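**Q** Below: one structure in structure tokens.
The values are calculated or read from the model by the stated rules, or taken from the named source; none is laboratory data. Bear in mind the structure is a predicted one, so any value in this text is a computation, not a measurement. Cβ placement follows ideal geometry from the backbone for every residue including glycine, while neighbour counts extend to all protein chains displayed.
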Amino acid sequence: MCNKKDIYILAIETSCDETAAAVVKNGTEVLSNIISSQIDLHKKYGGVVPEIASRKHIENINPVIEEAMQQAKCSFEQIDAIAVTYGPGLVGALLVGLSAAKGLAFALQKPLVGVHHIEGHISANYIDNPEFKPPFICLVASGGHSHLVYVKDYGEYEVLGHTRDDAAGEAFDKVARALGLTYPGGPQIDRLATKGDPESIHFPRAYLEEDSYDFSFSGLKSSVLNYLNQAKMKNEEINIPNIAASFQEAVTEVLVEKTIKAAKDKKVSKIAMAGGVAANQGLRKKMQKRCKEEGLQVQYPSLILCTDNAAMIGSAAYYEYKKGIRHQWDLNAIPGLKLGQ
């Protein structure tokens, strides 16, 4: 049951292809976290189709919210605020969640708190470990984002670097498709990599300019495609586990080394990971090993909190709510929203 000495946030997330709603208590305690995934729907297309995603969100949004409230054993009257992702993401998908959140906030006369999707991913780390607090460096890596963020305090961010082309998760999915694997490809490459030799093929690492925190994975992706094309033309045997392991090694090495460098440069002792790629076991093991070598603490969310979900939005919204941040009815979906904007 809801205790009114605490703060309860009903959060909604529809930035891509998951319709999600959650009730979060005091920013860290998840009372419910309902996720309706569309993976099976988009699998036959090899990726997310925005129009289909938006239509499915419309079908799912009300049942998902109702289930979240029932599981949390809270009434709408006991909720303190309605939180919702308003960017970045697919504009049609964002509008479904935003419209639902506005309607609820208006009807219930509750405050509306808009949340940046990437801020949500970062805040997922507070749920699994409430003792983990800023300042820290956070690597946010997913299908649509690759950011290196200096988290100065709750809600205070300095974006140190970002991808200049393909996001890490996007590169995983594109390489997986080239290898004949189904969507989403990231988890499949991760599994295959355990059966391959990561040093069997040397794919390029793009570190870019000296002291740059930015990422670039399009060259690596092209290198894998060229390798496959040349092997086919020469009728050479293609060892998919070796390709998966070597590709994953090239991606994770750059992600880890740039994150470690950022922590040293900013003189912080803690590192966090977030986003779908943070679920990658190869990345987790490599980050753990390097952080141990450098005497750094590393934190990452449980697997369910790495992918898109509403609990992370509720956590981020709690800290915004406590700061007095409220949004008006003209809040709009911003597909290209920058962190800190």
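**Q** Any residue at all in the stretch 234-242 that's touching a helix residue (DSSP H, G or I) at 6+ places or on another chain (Cβ under 7 Å), in a loop (DSSP other than H, G, I, E, B) and in contact (Cβ under 8 Å) with a residue 60 or more places away in the chain? Quick ask: steps written out before the conclusion?
**A** Initial filter on the stretch 234-242 (touching a helix residue (DSSP H, G or I) at 6+ places or on another chain (Cβ under 7 Å)): 238, 240-241.
Still in the list and also in a loop (DSSP other than H, G, I, E, B): 238.
Add one more test, that the residue is in contact (Cβ under 8 Å) with a residue 60 or more places away in the chain, and what stays is none.
No; the residues of the stretch 234-242 include none that is touching a helix residue (DSSP H, G or I) at 6+ places or on another chain (Cβ under 7 Å), in a loop (DSSP other than H, G, I, E, B) and in contact (Cβ under 8 Å) with a residue 60 or more places away in the chain.
**Q** If I filter the stretch 36-68 down to residues being among the basic types (Lys, Arg) and in contact (Cβ under 8 Å) with a residue 12 or more places away in the chain, which single residue comes out as farthest from GLN188 (Cα to Cα)? Before you say what the answer is, go through the steps one by one.
**A** In the first step, residues of the stretch 36-68 are kept if they are among the basic types (Lys, Arg); the result is 43-44, 55-56.
If we keep only those that are in contact (Cβ under 8 Å) with a residue 12 or more places away in the chain as well, we get 43, 56.
Values: LYS43: 13, LYS56: 25 Å.
For the stretch 36-68, the residue satisfying everything is LYS56.
**Q** In contact with a Gly (Cβ under 7 Å, 6 or more places away or on another chain) and assigned by TED's automatic domain parsing to the domain that holds ALA101: is that true of ALA316 in this structure? Outline the logic, then answer.
**A** Working: in contact with a Gly (Cβ under 7 Å, 6 or more places away or on another chain): yes; assigned by TED's automatic domain parsing to the domain that holds ALA101: yes.
Yes; evaluated as a whole, the condition is true for this residue.
**Q** Then there's this: Among (1) among the acidic types (Asp, Glu); (2) within 27 Å of LEU331 (Cα to Cα); (3) free of Cβ contacts under 8 Å to residues at least 24 places away in the same chain, which single condition is GLU131 missing?
**A** Every condition holds for GLU131 apart from (2).
**Q** Now, a different point. I want to confirm something. Restricting to the stretch 299-341 and keeping residues that are among the aliphatic types (A, V, I, L, M), surrounded by fewer than 24 Cβ atoms within 10 Å (Cβ to Cβ) and touching a strand residue (DSSP E or B) at 6+ places or on another chain (Cβ under 9 Å), which single residue is modelled with the lowest pLDDT? Talk me through it step by step, then tell me what you get.
**A** First, pick out the residues of the stretch 299-341 that are among the aliphatic types (A, V, I, L, M): 303-305, 310-313, 316-317, 325, 331, 333-334, 337, 339.
Next, from what is left, pick out any that are surrounded by fewer than 24 Cβ atoms within 10 Å (Cβ to Cβ): 303-304, 325, 331, 334, 337, 339.
Still in the running and touching a strand residue (DSSP E or B) at 6+ places or on another chain (Cβ under 9 Å): 304, 325, 331, 334, 337, 339.
On the way: ILE304: 93, ILE325: 95, LEU331: 97, ILE334: 96, LEU337: 94, LEU339: 89.
My answer is LEU339.
**Q** Are any residues in the stretch 8-43 assigned to a loop (DSSP other than H, G, I, E, B) and closer than 20 Å to GLY276 by Cβ, and if so, which ones?
**A** Our first condition is that a residue be assigned to a loop (DSSP other than H, G, I, E, B); within the stretch 8-43, this holds for 14-17, 26-28, 38.
Once the filter is applied, which keeps residues that are assigned to a loop (DSSP other than H, G, I, E, B) and closer than 20 Å to GLY276 by Cβ, the stretch 8-43 yields THR14, SER15, CYS16, ASP17, GLN38.
**Q** Identify the single condition in (1) among the hydroxyl-bearing types (Ser, Thr, Tyr); (2) surrounded by fewer than 18 Cβ atoms within 10 Å (Cβ to Cβ); (3) more than 22 Å from the chain's Cα centre (by Cα) that SER218 does not satisfy, given that it satisfies every other one.
**A** (3)
**Q** Another one. Can you give me the number of residues within the stretch 44-68 that are surrounded by fewer than 19 Cβ atoms within 10 Å (Cβ to Cβ), in a helix (DSSP H, G or I) and not aliphatic (A, V, I, L, M)?
**A** The qualifying residues number 9.
**Q** Related question: I'd like to check something: does the stretch 260-274 contain any residue that is farther than 18 Å from VAL159 by Cβ and aliphatic (A, V, I, L, M)?
**A** no
**Q** Next question, about the same structure. For the stretch 69-109, what are the residues that are in a loop (DSSP other than H, G, I, E, B) and without any contact (Cβ under 8 Å) to a residue 40 or more places away in the chain? Lay out the reasoning, then the answer.
**A** First, the residues of the stretch 69-109 that are in a loop (DSSP other than H, G, I, E, B): 73-75, 79-80, 88-90, 109.
The one that is in a loop (DSSP other than H, G, I, E, B) and without any contact (Cβ under 8 Å) to a residue 40 or more places away in the chain: GLN109.
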